[in-house]
Structure formats: C-alpha cells, structure tokens
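Engineer: The structure's right below; bear with me while I get my questions together.
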Amino acid sequence: MYKIITIIGARPQIIKAAALSRVIREHYSDKIKEIIVHTGQHYDENMSQVFFNELQIPKPDYNLNVGSNTHGKQTAQMIEKIEEVLMHENPDGMVIYGDTNSTLAGAIAAVKLLVPVFHVEAGLRSYNKTMPEEINRIMADHASTLLFCPTQQAVKNLEKEGFKLHLHYCDINHPKVILSGDVMYDNSLHFSQVAEQKSNVLKKLNLEEKEFILCTIHRNNNTDEKERLNSIFRALLEIAKEQIIVLPLHPRTRKMLPIQLNQDLYQSVSSCKDLLITEPVSFLDMTLLEKHCRMIITDSGGVQKEAYFFKKPCIVLRPETEWVELLDTGTTLLADADYDKILAAYSTLQNVSIEKFLPFYGDGNAAKKVAQEILDYCFSKKD
Ligand code: UD1
Ligand code: UDP
C-alpha cells in the first residue's frame, strides 16, 4: 500500500480532488491510501464544507486552519504546517492541484523533504507574472516529479521551459510530463446528471432555461483595482437590461463592492432586480446553472472551461488566459475589464454554432490516468 498526501485549500482544489478521490476509492483502495490535508485557505461553509458533503470527498485527515492573510504569511504558515504533517506521515508522494498558495506551499514543503510532488494541472501558463497564480504554477511545476497536463498546449509550454518529453526514467531531476486530460472534465461529466436530479437552483432562483447569463468575478486585479471593477459592473448593468444575470459572488468580491464601486453605481447594482447577486453556490447548483444558462461571463480559470464543457459561449474578464485553445474556437472571447469590449463580446457571442466546441480536455478518464501513473511511479521506486 502506498501512502499519498493530497493538499487542498481553495474551492477549485477541493472540487478537483473529488475526481481522484473517487477513482482511488473505486479502483485503487487496496493499493493507494490517500491522506487529505486541507490548508484552510478557504473556510466559509459555502467555499469549503459544502463540496465535501456534495461530492463525497472524504473528510480531511488534517485541517491546518491557516485562513486568510497576506501571501507571505499565508504561504509561510502553510509550509510550516505541511512540513510537520509530512515528517509525521512519511508519505510516498504528494498530490497538489492547480495554482493557488496552497499548491505552492505543498510543493515547497514536499520537495525540500525529498517527497515526490505530483502536480495535477501542470504546464499552464498565462505568461503574465503579475498574476499570483502564474508564479505559483511555475514554481510548483519546477518542484514536481510527475507533471499531469490537462492539454497538449500545457505539454508544449513545459517543453519550452526545458522539460524533456518521453523519458524512460523519472525522478526529481528527470521529471515526467504526462498528458492526462483534465480532471475538471471528469467531474463535469460525472456530476452533470447528478445535478439534474439533486439541484433545484433554477426553481429556487426562479430562472427559465436559456433565459439567463451566469457570471462569476473574483480575480484579485478585478476586485482590487477600482477602475476595473467599476467598468465590469457598468457593463453588467447594461447587459442586464436585456438578460437576467445570475452572479454567485465570491466573498472577496462581496467585501470589495461597497468599497470599490462609485456610490451611484453601487446603488444601481444593489437595486437592479435583473442582476441577481447570490452567495457562492454549491458545485451541483453551479453545474446546473452552467448547463442551462445562455452565456457565461467570468474571470475564473475553472468556470471558463466548464462553460466550454457545456457548450456555452463565454466572455473572459481578463487580458489573457492560460486556456488558449478556447480562444481559437471563437466560442470564448477575452474582454479584459473593458466596458466596450465586454459589450462587443456580448453581441458577437449571441449566435455561436454548437459545432465549434471541439474536444480538448481528454475523455473523462483523466483521474484514472493520474492514479495509474502515481501507482507505477511508486512501484518503480519501491526498493
Ligand atoms: C484563491 C486563489 C485563486 C483562486 C481562488 C479560487 C491564491 C493566490 N489565489 O483566491 O488562484 O482562483 O482562490 O476561489 O491562492 N475569503 C472569505 N472566506 C473564505 C475564503 C476567502 O471571506 O472562505 C475572503 C477573505 O477576505 C480573503 C479573500 O477572500 O482575504 C481572498 O481569499 P484568498 O484565499 O487569499 O484568495 P482568493 O481570492 O480566494
Ligand atoms: N464554483 C462553485 N460555486 C460557485 C462558483 C464556482 O461551485 O459559486 C466552482 C466552479 O464550478 C468551478 C470552480 O468552482 O468548478 C472554480 O473555482 P474558482 O472560480 O473559485 O477558481 P479558479 O478556477 O479561478 O481558480
């Protein structure tokens, strides 16, 4: 039996972890023991616990309760506490997901103790180092031994940074790059039907199918830069004159709205009945909203891909994206936080042909590939 530590902390990592935990439970429970460590980066009920209940993720074995803080303090506390867990558990490897501070902390703590790091969602690059996530991704990739790439583009990005492909031997000095597909796609396929049966979010919010737009906003530059947040909300109010917008709001954005929006705009946003601001929703509710909306407007990495999985046009509120293949299809447009670009994209994306949604993200079995590669690696290092 091999012992693997999984690090989670922020909402998208908890969701991503559901796919691999499910595969381990169903196919590898006699070979892999997974120990889940929650850093506590996200801690509100609707940013954390709700996903454990709904997606049947095992209760974390450790909760480090790190909470919110400046990047340095938050990451440092995580490193210190993860190191303690690693020294106590002495695992065969560590799985990290994505590009958050929890990802970075896990990578640093493990690599220094010579615990092999397995990075799920490796190789993504926005080529914008002002994003905290870009720094986290680069550093996590360069501390990893197995790099699980969701797309061919991610493999190419790593090759450009000097990673060798098709190695026959692998260790920290010879990291292995694997095209696994995207565990988020596994999840969307798996939970799509479950959401139809279990979520009543459309009824609860009084929404008609295809008669609403789904929106999420939480990127730090959008919430923290006044001009950007004002521009986004002015555009949303304009679009809401035509189409109801549902906006499950990240706590970071919720806190910044009254501080950053001009007073008149804040009043208009608060009183607009067609801009429906809600608390963050559960994954099953989110999946149903994505499946049945008309269009998605988002600055989220995960949500722009889920838009694509469910064949929905998407406006991305960022200057660039690491999911570049989406842009080539014409189903996804970058509008930055620019009022005119957002409205132009809204107009361009009114009629997008369903044929444009080509498959890029694997076959829904990414987590199985990840588990098998981890097992093969651990077996090869047995002696
Ligand atoms: C983090 C990730 C980001 C990811 C996002 C997913 C980093 C650097 N950023 O951003 O890549 O896209 O998670 O959602 O790791 N807060 C609460 N309750 C919570 C969690 C956060 O109120 O449960 C508020 C706090 O005011 C906190 C702020 O949100 O200061 C930001 O939280 P933090 O985890 O630092 O970053 P996110 O913006 O959530
Ligand atoms: N999500 C959710 N409820 C919400 C908003 C998002 O369940 O109210 C899910 C979404 O479906 C996706 C993930 O959270 O699976 C994306 O996380 P987020 O946007 O917070 O982070 P990012 O992907 O940008 O890192």
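The values are calculated or read from the model by the stated rules, or taken from the named source; none is laboratory data. Just so it is clear, the structure is predicted and the values come from calculations on it, not from any experiment. Positions of Cβ are generated from backbone atoms using ideal geometry, with glycine treated the same way; all protein chains shown enter the neighbour counts. What goes into the accessible areas is simple: the full protein's heavy atoms, side chains included, and nothing from ligands, DNA or RNA. Shrake-Rupley method; radii C 1.70, N 1.55, O 1.52, S 1.80 Å.
Engineer: For q values of 0.14, 0.15, 0.17, 0.27 Å⁻¹, compute log₁₀ I(q)/I(0) with the Debye formula on a Cα-only model of the stretch 257-336, without solvent.
Structural biologist: For the stretch 257-336, the Cα-only Debye profile gives -0.57, -0.64, -0.79, -1.21.
Engineer: Also, quick follow-up: Before I look further, what does the chain give for accessible area per residue, probe 1.4 Å, in whole square angstrom? All intermediate terms of the calculation are to be shown ahead of the outcome.
Structural biologist: On the way: 16740 Å² over 383 residues.
Value returned for the chain: 44 Å² of accessible area per residue.
Engineer: Additional query: Relative to the longest principal Cα axis of the chain, at what angle does helix 366-380 sit, 0 to 90 degrees, rounded to 10?
Structural biologist: For 366-380 against the chain, the angle is about 20 degrees.
Engineer: Explain nothing, just compute: Karplus ³J(HN,Hα) = 6.51 cos²θ - 1.76 cosθ + 1.60, θ = phi - 60°, for every residue of the stretch 185-202 in order, whole Hz, x for Gly and Pro.
Structural biologist: Karplus values, whole Hz, x for Gly and Pro: 5, 3, 5, 5, 5, 5, 9, 4, 6, 4, 5, 4, 7, 9, 8, 10, 5, 5.
Engineer: How much of E196 can a 1.4 Å solvent probe reach, expressed as accessible area in Å² and rounded to 10?
Structural biologist: For E196, solvent-accessible area is about 80 Å².
Engineer: Roughly how many debye, to the nearest 20, is the charge dipole of the chain about its Cα centre, given +1 on each Lys and Arg Cβ, -1 on each Asp and Glu Cβ, and no other charges? Walk me through the intermediate numbers first.
Structural biologist: Details: 43 positive and 50 negative charges, 43 e Å.
So the dipole magnitude of the chain works out to roughly 200 debye.
Engineer: Defining a contact as two alpha carbons under 8 Å apart and six or more residues distant in sequence, what relative contact order in percent does the stretch 12-157 show? Don't jump to the answer; show the numbers that get you there.
Structural biologist: Details: 216 pairs, mean separation 26.2, N = 146.
Taking the mean separation of contacting Cα pairs over the length of the stretch 12-157, I get 18 percent.
Engineer: First measure r as the distance between the Cβ atoms of H88 and L327, then evaluate 1/(1 + (r/R0)^6) with R0 = 41 Å and state the FRET efficiency to the nearest 0.05. Numbers along the way, then the final one.
Structural biologist: Values: r = 45 Å, r/R0 = 1.10.
The calculated FRET efficiency here is 0.35.
Engineer: For K381, K16, K226, give me the order by solvent-accessible area with a 1.4 Å probe, most accessible first, ignoring ligands, DNA and RNA.
Structural biologist: Working: K381 75, K16 15, K226 100 Å².
From most accessible down to least: K226, K381, K16.
Engineer: Using the Karplus curve 6.51 cos²θ - 1.76 cosθ + 1.60 with θ = phi - 60°, work out ³J(HN,Hα) for each residue of the stretch 96-104 in order, rounded to whole Hz, and write x for Gly and Pro.
Structural biologist: 10, 10, x, 8, 8, 4, 5, 4, 4
Engineer: If you don't mind, there's one more thing I want to ask. Using C-alpha positions alone, give me the convex hull volume of the stretch 74-114 per residue in cubic angstrom. If you can, show how the numbers build up before the last one.
Structural biologist: Values: hull volume 2.2 nm³, N = 41.
Hull volume over Cα atoms, normalised by residue count, gives 53 Å³.
Engineer: Moving to a separate point now. Once ligands and nucleic acids are excluded and a 1.4 Å probe is used, how much of S48 is accessible, expressed in Å² to the nearest 10?
Structural biologist: So the heavy atoms of S48 present about 10 Å² to solvent.
Engineer: Let me have the relative contact order for the chain, percent, based on Cα pairs under 8 Å that are six or more residues apart.
Structural biologist: On the way: 723 pairs, mean separation 59.9, N = 383.
Over the chain, the number comes to 16 percent.
Engineer: Would you mind calculating the gained length between E161 and Q267 on full extension (0.36 nm times residue separation, minus the Cα-Cα distance), in nm to one decimal?
Structural biologist: Details: separation 106, 0.36 × 106 = 38.16 nm, distance 4.82 nm.
Full-extension gain reported as 33.3 nm.
Engineer: Kindly express, to the nearest 10 degrees and within the range 0 to 90, the angle between helix 251-260's C-alpha long axis and the longest C-alpha principal axis of the chain.
Structural biologist: Rounded to the nearest ten degrees, it is 40.
Engineer: May I ask for the distance between the Cα centers of the stretch 12-56 and the stretch 92-122, given as a whole number of Å?
Structural biologist: 16
Engineer: What does the convex hull of the alpha-carbon atoms of the chain project to on average, in nm²?
Structural biologist: Taking a quarter of the hull surface, the average projection is 17.8 nm².
Engineer: Defining a contact as two alpha carbons under 8 Å apart and six or more residues distant in sequence, what relative contact order in percent does the stretch 172-267 show? Mind dumping the intermediate values first?
Structural biologist: Details: 56 pairs, mean separation 28.0, N = 96.
Dividing the mean separation by the residue count of the stretch 172-267 yields 29 percent.
Engineer: Going down the table (K160/K368; K31/K291; K73/K255; K176/K291; K226/K356), which pairs top 29 Å between alpha carbons?
Structural biologist: On the way: K160/K368 27 Å; K31/K291 36 Å; K73/K255 21 Å; K176/K291 35 Å; K226/K356 35 Å.
Those over the limit are K31/K291; K176/K291; K226/K356.
Engineer: Quick one: which residues, 5 or more positions from Y2 or on another chain, have an amide H under 5 Å from its amide H? H modelled 1.01 Å from N in the peptide plane, none for Pro or chain starts.
Structural biologist: Correct list: I32, K33.
Engineer: Roughly how many nanometres apart are two label points built 7 Å out from the Cα toward the Cβ at L237 and H27?
Structural biologist: Inter-label distance under the simple model: 5.2 nm.
Engineer: As a test question: what accessible area, to the nearest 10 Å², does R234 have when a 1.4 Å probe is rolled over all protein chains in place?
Structural biologist: 120
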